[in-house]
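Take a look at the structure below.
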Amino acid sequence: MQRGKRDRFTDQEFFDACNRLSLMVGQNNITVLLAKLYAEQLIASKDVTSNISALPENIPNLMLGYINELNRDVTDEQFDDRTVHQIAKTIAWECLQQNYQPGTAKRVDAVAALAALGIDDPEAHLNYLEKRLHLIQTIGSAKDRIRFCLDPLAEYLAGWYLIELYGNNDGKWRSAFFKKADDLVKTGAPDAIKGLLLAVRDCYLSEVQGSKETDFVSQKSGKLAGFTPSVNTPVTTVQTRIP
């Protein structure tokens with residue numbers, strides 16, 4: 001989408017923004033989606049605050065920032081951001097919990113999961129994600145299943161959900177999430193679940209107070225995903241084009 005916004009940034013602002021994206025991503029690949037989401041929020045920050053320092057500092061918050069921008073465009077009967085985050089995280093896990101890959105969830109199961117949270121009128125909340133924010137879509141001949149439109153978004157939202165569920169309780173991580181992850185890797189699915197594993201690692205390091213690279217959760221998720229953190233990795237300039 002051509003926005004013609006590049007000329008609104010000085011060279012220094014643009015360099016700082018690109019460097020910020022490089023720091024945020026670290027050793028992960030800067031995908032087209034990440035660059036697009038970052039560029040859109042960079043533009044939004046200029047429109048709203050003119051303060052690039054207000055941009056998200058990590059990928060998990062970049063994902064939530066994207067949802068916030070979508071929600072900001074809703075002009076009537078708007079749900080608050082926190083409610084949207086809560087229902088989106090819950091539905092994302094419903095879509096990934098079967099095999100740790102972005103997939104589908106039965107609509108009836110998604111409704112039950114929201115009802116278990118005490119959400120009034122779960123159907124209305126699902127419709128908000130689908131019709132107003134366009135985060136999910138209904139699929140299948142019977143129109144009885146849903147899935148997220150963007151797989152990486154689903155993975156990071158599911159990662160957020162798990163962090164809020166298990167926190168820094170290594171025992172729960174071992175007996176629940178990683179027990180199944182180990183089994184999936186042994187059966188030949190490491191690449192298929194890599195996205196969720198890296199999302200869990202990023203969410204853990206960014207959201208759990210006092211978390212470190214050497215913690216069990218960050219090490220285990222990184223190891224299963226084939227991620228090896230390097231020491232003193234130099235920051236490189238990323239040429240991210242703002243259309």
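The values are calculated or read from the model by the stated rules, or taken from the named source; none is laboratory data. Just so we're clear, the structure is a prediction, and the values are computed from it rather than from any experiment. Cβ sites come from the backbone with ideal geometry, for glycine too, and all protein chains shown count toward neighbours. Heads up: the accessible areas ignore ligands, DNA and RNA and are worked out on the full protein's heavy atoms, side chains in. Shrake-Rupley method; radii C 1.70, N 1.55, O 1.52, S 1.80 Å.
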>> Name the single residue that is surrounded by the fewest Cβ atoms within 10 Å (Cβ to Cβ) among those in the range 65-82 being touching a residue at least 40 places away in the same chain (Cβ under 8 Å) and in a helix (DSSP H, G or I).
In response: LEU70
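In the range 194-229, how many residues are at pLDDT below 85 and open to solvent by less than 70 Å² (accessible area, probe 1.4 Å)?
Narrowing the range 194-229 to residues at pLDDT below 85: 227-229.
Among the residues that remain, those that are also open to solvent by less than 70 Å² (accessible area, probe 1.4 Å) are: 227, 229.
The qualifying residues number 2.
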> Restricting attention to the range 181-228, which residues are within 20 Å of GLY103 (Cα to Cα) and in a loop (DSSP other than H, G, I, E, B)?
Replying inline: THR187, GLY188, ALA189, PRO190, ASP191, ALA192, ILE193
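Only one of LYS143, LYS131 is open to solvent by 40 Å² or more (accessible area, probe 1.4 Å), more than 30 Å from GLY188 (Cα to Cα), in a helix (DSSP H, G or I) and not aliphatic (A, V, I, L, M); which?
Details: LYS143 fails: in a helix (DSSP H, G or I).
Answer to the selection: LYS131.
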>> Please pick out the residue among ALA110, ALA105, ALA92 that is in contact (Cβ under 8 Å) with a residue 60 or more places away in the chain and surrounded by 14 or more Cβ atoms within 10 Å (Cβ to Cβ).
In response: ALA92
> Out of (1) closer than 23 Å to TYR66 by Cα; (2) hydrophobic (A, V, I, L, M, F, W, C); (3) assigned to a helix (DSSP H, G or I), the odd one out for PHE178 is which?
Replying inline: (1)
> Hey, THR187 hits all of (1) out of contact with any helix residue (DSSP H, G or I) (no Cβ under 6 Å at 6 or more places or on another chain); (2) surrounded by 15 or more Cβ atoms within 10 Å (Cβ to Cβ) but one; which does it fall short on?
Replying inline: (2)
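Of the residues that sit in the range 147-165 and are among the aliphatic types (A, V, I, L, M) and at pLDDT below 95, which one is least open to solvent (accessible area, probe 1.4 Å)?
First, pick out the residues of the range 147-165 that are among the aliphatic types (A, V, I, L, M): 150, 153-154, 157-158, 162-163, 165.
The next check asks that each one be at pLDDT below 95; those that pass are 150, 153.
Values: LEU150: 52, LEU153: 4 Å².
It comes out as LEU153.
Any idea which of ASN168, ASN232 is open to solvent by 40 Å² or more (accessible area, probe 1.4 Å), at pLDDT below 95, over 29 Å from GLU69 (Cβ atoms) and touching a Phe, Trp or Tyr at 6+ places or on another chain (Cβ under 9 Å)? I'd like the intermediate steps shown before the answer.
Values: ASN232 fails: touching a Phe, Trp or Tyr at 6+ places or on another chain (Cβ under 9 Å).
Matching residue, one of ASN168, ASN232: ASN168.
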